[in-house]
Amino acid sequence: MRARGSILSQALVAFSAFAVLIAIAAAVGYLGLAHQNSATKQLTGQDYVLQLAAGRMQRDFTASELSVTSFALGDRIAPLAPVSRYRTDFAAQVAILHRYAQPGMAGLVAKQSRAGTELFAAADAIGKLPLASAQAARLASRTSRIAGSFDMANSTMQEDIAADVRQLTERSKHSLSAGLAWSAAAIAVAVALILMACLSTVRSITRPLRSLAATVRRLASGDRAARAKVAGSAEVREVAQSVNTMARENDRLRDQEQEHARLRALAREAGIRIREPLGAEDVLREASTAITQCVRSDLAVLRLVEDEHPRYAGCARKDWLPVKLLTDPSPDFENWANGLLKDQSSMVVQDVRGEEGDVLPPSVREPLLRYGVVSHMATPFGIGSELYGIVELERTRPGQPWTPAEVDAIQSIAADIGRGLKHGRLYETENGLVEQLKRLNQAKSDFFATVSHELRAPLTSIEGYLEMLRDEDAGPVSAAQERMLETIGRNAIRLRNLIEDLFTLSKIESGGAQTVLRPVNLVDVVRDAAQVLLPSVAGTGLTMTVTCPDESLVVNGDGSQLDRVVMNLLSNAAKFTPPGGRISLTAARDGDTAVMSVGDTGIGIPEKDKDALFGRFFRASNAVRRSIPGTGLGLAIVSSIIAEHGGEVTVQSAEGVGTTFRVRLPLLPADALLSPDALAAPLPTG
């Protein structure tokens, strides 16, 4: 089937045929109208003038005849004066007849003219005769004959004119009817032709368009095999070809996007695997595996800046001498590599042998050409501007260019390699620091344990001899000597407290302290500690109040250590509160937590010292200024003990106002307390 032309060409052909037929119809109609116009001009310009002139001649002649006859018969009422006017008008009408009458009517015109001349001559003669004379009567009788001759000629001429008018009218009607008929026929043919052309054009558009629309719907519904039939007008065929081209392009883009998505997923999974290992070597091993899985290549190399030899990925040919991009770089290599690293981009050369390969330095391109490399890709990896290395990928077979999806995947993997290496190296560095800190901490603990152990023996000896001197085993002691011995005793006690605190803290931090957790009533611990310290507190001029609930506050803890916590906090409150101050000790329930508070109205703690308050050997700056004795270990011991019990200790203080320490410990649940062996067996510490 012959392909249709364009819609425009079809429309031009139909319009041309329509225009020709319309022109023919117009020409035929014009000829008919021209013929009718000619007949009309003849009727209006000749026949109607002749009819009018003949009628007026007849009127003038008849009126003149009546005037002459009446005057000749003696009727003075009818004068002859109007005859002269009729004569003038008659002569004018005769002139018109001579002008417009057809040749066949010339005799009739002449006959009427002669009759008029005779009538008007008789009128002149009668006018000169006496009224009612016999001669006037004879002349008047002659007018009847003259009138008969005139009437006959006039009637004949008017009949001829009327016949000519009828003939012209019939001929004009016929010409007009024929012209209109032919024009109508031409217009009908033109309309039929244009309708046929329109229907043909519509069919040539609508049918292919319906098929095209159905194809588009199939494509939209996911039918990738759907293709439009190339048929119809040139424009519709062009649209169908465009739809098919678009469908093929969509298939290509969809396949490309699927491949891109697949590579992105592989790169994402590879990134997770690369970032999971903690060691740098593990990162490189996972990176090699990821590159091999994501991208097909004939040679894949991971090359580190600090390494002399490259690391081959799993797909590498071991007999291939690798290009020395890093071991023998070009002068501008550093700028080139850092620029690529900054932009997270790659150097991609699809044809090393062509002009595109000119971007490679000769030291790189020549080995690639020597070993048959066709496509080359180099992607640096690192962090920021710090270059760690380069991923090199080579292909030796033509027609396998690097796709944008593959380049994106390698760049993503390279970024993960940089981050993974960074984390791995930081982890290894951190591990080294942790090991050093552990050794230092162990050395510190060993030192504390050794010092506390070695100081105990001489301190015990000092205290023994001090007791012997006080008992005067070596002789009487004077008052001055007694004061010296008291000073020695106080410092010996301070030294023993320091040794005990060092020893206790060392055991707690090293895990050497034997903490036995069992149900302990915190109310009993608080009351016992208050009972022990109440005399010494009262002796310093302080007031202490103890507030405890009637119910038990049972926690999972070590009674001796919790007692040490309460004693340390109360001792600090008494030490840092001037005489006349107040100390409050409370225990209460807060939901499922036991809260023990120790408050005082002492010197308080400066705001700047609060963050380091629970550190070892730390003492508040105002306490140092006031020369208040202390080791700086009491709160560190309190914090360590409470942490081992799963609780927390907080402080609220204002310098010059006072300080409140709060210890929060989790209460044991009721079902644990109902067990028969709850108070006998220790509870698990974990």
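The values are calculated or read from the model by the stated rules, or taken from the named source; none is laboratory data. Everything numeric here is computed off the predicted structure, so don't read it as measured data. With ideal geometry, Cβ positions are generated from the backbone for all residues, glycine too; neighbour counts draw on all protein chains shown. Heads up: the accessible areas ignore ligands, DNA and RNA and are worked out on the full protein's heavy atoms, side chains in. Shrake-Rupley method; radii C 1.70, N 1.55, O 1.52, S 1.80 Å.
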(request) Report the accessible area of L209, computed with a 1.4 Å probe over the heavy atoms of all protein chains in place, in Å² rounded to the nearest 10. (result) 80 Å²
(message) Could you work out what % of the accessible surface of the range 133-238 is carbon and sulfur, using a 1.4 angstrom probe and leaving DNA, RNA and ligands out of the count?
(response) 63 percent
(request) For Y465, Y86, give the ranking by accessible area with the largest first, probe 1.4 Å. (result) Y465, Y86
(request) Compute the FRET efficiency between V216 and L369 as 1/(1 + (r/R0)^6), taking r as their Cβ-Cβ distance and R0 = 41 Å, and round to the nearest 0.05. (result) 0.25
(message) If you count only protein heavy atoms and use a 1.4 Å probe, how large is the accessible surface of R268, to the nearest 10 Å²?
(response) 140 Å²
(request) Please work out how much accessible surface T547 shows to a 1.4 Å probe, ignoring ligands, DNA and RNA, in Å² rounded to 10. (result) 80 Å²
(request) Just order 517-523, 635-641 by mean Cβ neighbour count inside 10 Å, highest at the front, would you? (result) 635-641, 517-523
(message) Restricting to Cα pairs below 8 Å that are 6+ residues apart, what does the relative contact order work out to for the range 195-260? Please round to a whole percent.
(response) 26 percent
(request) Can you check what the net charge comes to around L139, using other residues whose Cβ is under 13 Å from the Cβ of L139 (Lys, Arg +1; Asp, Glu -1)? (result) +1
